[in-house]
Amino acid sequence: MNKGLVFNIQRYSIHDGGGIRTIIFLKGCPLACPWCSNPESRKGVQPSSWRKNGQLEVIGEWYDLDSLVEEALKDEIFYRTSGGGVTLSGGEVLMQADFAAELLRELSDLGIHTAIETTGCFPVERLSKLLPYVDQVLFDLKIMDESISRKVIGLDVPTVKENFEAALMNKNIEVIPRVPLIPGYTDSRSNLQAIIDYLKSQDVFDVHLLPFHQYGGSKYDYLGWGYEMKDAVTLTGQEIIKIKTLFEEEGIRANIDGLE
Ligand code: SF4
């Protein structure tokens, strides 16, 4: 099907890839991260709704390929002047892999820099459809313990690694591992060490650290869902620097998202 379900388009972003970017958020994610800041994107690829400030709002709009490319091209001048481009985010971009691949191919043919954000949660064949048209992969690494990952977020670690390594095989693609620093879930010394050991085993020496924030908290109210992280305290600057140092002592350059 030549249509994609989009739940947000964010313009002029300076995160999620280099330069000034347009972030296209594709709907659908099979995972259940308790800290998810886009819970409205979860579950299958169909429009849903929430009640926001007393109003019922539909989440998700179908776009055909041409109209979404047209949306992206509105900011072409900013991409050209800043070294930016278009990033496909979600949700999980691999939920709509066929549409995403077509969109990326169109953008790439137009000379636009393309990036995707993914957790690599599907068999690698899905990611492989996208890779020929991608310049940059922002790859989330969350919980490395297989049984905890499966239990907490429904994510199969061997599948994640297979996808990560498939992306790395493409020498013309910049692969940036990203670690969300989630209190009580991903920030333990043992989990961070497992990530460090894995990155070193893959000869990857750069990482982006994404400190936990509460920006998505109110969305759970709109959805009428419980929010497990309601009382979670964000990491202090000192704690974040300590984690950055942990990576750097192992020879891995660590960028802190939003600070550098
Ligand atoms: S993978 Fe991303 S979109 Fe999916 S549940 Fe986790 S944080 Fe939310």
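Of note:
- For N38, the conditions (1) out of contact with any helix residue (DSSP H, G or I) (no Cβ under 6 Å at 6 or more places or on another chain); (2) farther than 27 Å from P180 by Cβ are fulfilled apart from (2).
- Boolean, E57 is among the acidic types (D, E), within 30 Å of V157 (Cα to Cα), at pLDDT 95 or above and in a strand (DSSP E or B): no
- Listed by first and then second residue, the pairs with beta-carbon distance under 6 Å, at least 6 apart or on different chains, first residue in the stretch 18-46 and without any contact (Cβ under 8 Å) to a residue 60 or more places away in the chain, second within 9 Å of the ligand (Cβ to nearest atom) and in a strand (DSSP E or B), are S41/C29; R42/C29.
- Number of the condition not met by C33 [criteria: (1) in contact with a helix residue (DSSP H, G or I) (Cβ under 8 Å, 6 or more places away or on another chain); (2) more than 29 Å from I143 (Cα to Cα); (3) at pLDDT 95 or above; (4) open to solvent by 10 Å² or more (accessible area, probe 1.4 Å)]: (2)
- Within the stretch 21-35, one or more residues are within 16 Å of the ligand (Cβ to nearest atom), within 16 Å of A100 (Cα to Cα) and among the small types (G, A, S).
- Those helices (runs of 4 or more DSSP H) lying entirely in the stretch 82-161 with at least 2 residues within 21 Å of L5 (Cα to Cα) and either among the small types (G, A, S) or within 12 Å of the ligand (Cβ to nearest atom) (or both): 97-109
- Condition met for I59 (within 15 Å of the ligand (Cβ to nearest atom) and under 22 Å from E106 (Cα atoms)): no
- Hey, E61 crowded, with 23+ Cβ neighbours inside 10 Å and closer than 14 Å to V6 by Cα or not: no
- Verdict on L235 being open to solvent by less than 60 Å² (accessible area, probe 1.4 Å), in contact with a Lys or Arg (Cβ under 8 Å, 6 or more places away or on another chain) and of a type outside the set (V, I, T): no
- Here is the figure for the stretch 1-19: residues that are open to solvent by 50 Å² or more (accessible area, probe 1.4 Å), in a loop (DSSP other than H, G, I, E, B) and more than 16 Å from the ligand (Cβ to nearest atom) total 3.
- F78, sole failed condition from (1) touching a Phe, Trp or Tyr at 6+ places or on another chain (Cβ under 8 Å); (2) within 21 Å of L210 (Cα to Cα): (2)
- Sole exception among (1) within 14 Å of the ligand (Cβ to nearest atom); (2) farther than 20 Å from F99 by Cα for K43, by number: (2)
- Residues in the stretch 162-203 that are open to solvent by 10 Å² or more (accessible area, probe 1.4 Å) and part of a loop (DSSP other than H, G, I, E, B): M169, N170, K171, N172, I173, P183, G184, Y185, D187, S188, Q202, D203.
The values are calculated or read from the model by the stated rules, or taken from the named source; none is laboratory data. Quantities reported herein were computed from a predicted structural model and do not represent experimental measurements. A quick note on method: Cβ atoms are made from the backbone with ideal geometry, for glycine too, and the neighbour counts reach across all protein chains shown. Just the protein is used for accessible areas: all its heavy atoms, side chains included, with ligands, DNA and RNA removed. Shrake-Rupley method; radii C 1.70, N 1.55, O 1.52, S 1.80 Å.
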